[in-house]
Amino acid sequence: MKRYCTPLLCAVLLATCVAMNANGQASVAETHVAAAKVAMSPMTASPHPWQVYDALFKLICTQPRSGGRPPAVGPGEPDEKAKLVPTPRDKWYVPPAKVFDNLYFIGTQTESTWALTTSAGIILLNTNFPWVTPDLLNELKTFGLDPANIKYAIIVRSHSDQAWGIKALKKMVPSARVIMSEGDWELLAKDNTPADVKPTKDMVARDGQKLTLGDTTVTIYSTPTSTPGNLSLILPLKDGNQRHVGAMWGGDYMRIVQEGIKMWPDLQTMNKGYVASSKRFKDIEDKAGVDVIVHPHAEYDGTFEKIGALRSRKPGDPHPFVVGKDDVDRFATVHVECGEAQLAWAKGD
């Protein structure tokens, strides 16, 4: 039986060969960077801006500085503590947006918070910094939605821009249940997160867990990447009579220390876990038929460009967030190949 590679796979293989044969001495890392660079852009003449994952590529495919050191284990990082200070509104505010019939963007210029509506209430996807989370939740009222109807909040990782707003959420909606991995609850409890924003442990997510609220089921997966307890999500989306499947990849940047706590024993262990999780979730996306990317950080999947196109969408036009299998595969491939490159650099290959 003949076997054919997909256009993306063929291009990645070609890029790998070119990297290896250019001077006969290309490193292992260089071959993976070349493959990620191919996956970064679609093989079309005039791609939409949100189809080119250059910001993601620069974030995770940049070689660590020679002699560079990870953040110190000990007191919290100064740049993290600075995030407790409210930013002027014009520096963070972006208008909220109805992205699908059941999905709303209520984030800031840099951090994405999402609300998934169901027949029995709202599932919040990540909080934000403590000083801005109440404002973001109140943005739901723009669409006639009541923040008091938030039943669950799924937090994909314990980093400041996803988890530090948990207590602010609980203050506004005491009945809301908060779901995070066991590892990230423990990390948040022992790291240098300021005491006044440390939340009380609530629900623990299990790998493969299905959270059902009314007519909607979100599937939660363990994907150790940015933290050992990082989560990623598969969620159903509605656009009129059309049904789509979204994926939130919970991990992007690789960091060995968070808020003074060393999360991984060494760089190689961290990078191996990142690669394994990236490959696994790519397979999960393929089997689930994912055709929409929903991301915790707007800049890495072109969220704002897609929202802009959505606002000018005419009846019958394609939905800009429905990017299709090729774009979803490329997004995942960039993570896999950049993770492999980081692993090779850690090994000295």
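Descriptive notes on the structure:
- Any hit, the stretch 309-320, residues being over 30 Å from Lys190 (Cα atoms), in contact (Cβ under 8 Å) with a residue 60 or more places away in the chain and touching a strand residue (DSSP E or B) at 6+ places or on another chain (Cβ under 7 Å): yes
- Scanning the stretch 228-248 for residues that are of a type in the set (A, V, I, L, M) and open to solvent by less than 10 Å² (accessible area, probe 1.4 Å) yields Leu231, Leu233, Leu235, Leu237, Ala247, Met248.
- Of all residues in the stretch 254-278, those that are in a helix (DSSP H, G or I) and either out of contact with any His (no Cβ under 9 Å at 6 or more places or on another chain) or over 14 Å from Thr223 (Cβ atoms) (or both) total 8.
Quick grid of which residues meet (1) surrounded by 15 or more Cβ atoms within 10 Å (Cβ to Cβ); (2) under 18 Å from the mean Cα position of the chain (by Cα):
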{"site": "Ala163", "(1), (2)": "yes, yes"}
{"site": "Leu169", "(1), (2)": "yes, no"}
{"site": "Glu182", "(1), (2)": "no, no"}
{"site": "Trp185", "(1), (2)": "yes, no"}
{"site": "Asp196", "(1), (2)": "no, no"}
{"site": "Met203", "(1), (2)": "yes, no"}
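Here's the yes/no breakdown for (1) out of contact with any Phe, Trp or Tyr (no Cβ under 8 Å at 6 or more places or on another chain); (2) in a helix (DSSP H, G or I); (3) open to solvent by 40 Å² or more (accessible area, probe 1.4 Å):
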| site | (1), (2), (3) |
| --- | --- |
| Pro318 | yes, no, yes |
| Lys325 | yes, yes, yes |
| Val336 | yes, yes, no |
| Trp345 | yes, yes, yes |
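- Subset of the stretch 129-155 (residues that are open to solvent by less than 10 Å² (accessible area, probe 1.4 Å), under 22 Å from the mean Cα position of the chain (by Cα) and within 21 Å of Phe100 (Cα to Cα)): Leu136, Leu137, Leu140, Ile150, Ala153, Ile154, Ile155
The values are calculated or read from the model by the stated rules, or taken from the named source; none is laboratory data. Being a predicted model, the structure only gives us computed values, none of them experimental. As a convention, Cβ positions derive from the backbone with ideal geometry for all residues, glycine included, and neighbour counts pool all protein chains shown. For the accessible areas, the whole protein counts, side chains as well, though only heavy atoms, and no ligand, DNA or RNA atoms are used. Shrake-Rupley method; radii C 1.70, N 1.55, O 1.52, S 1.80 Å.
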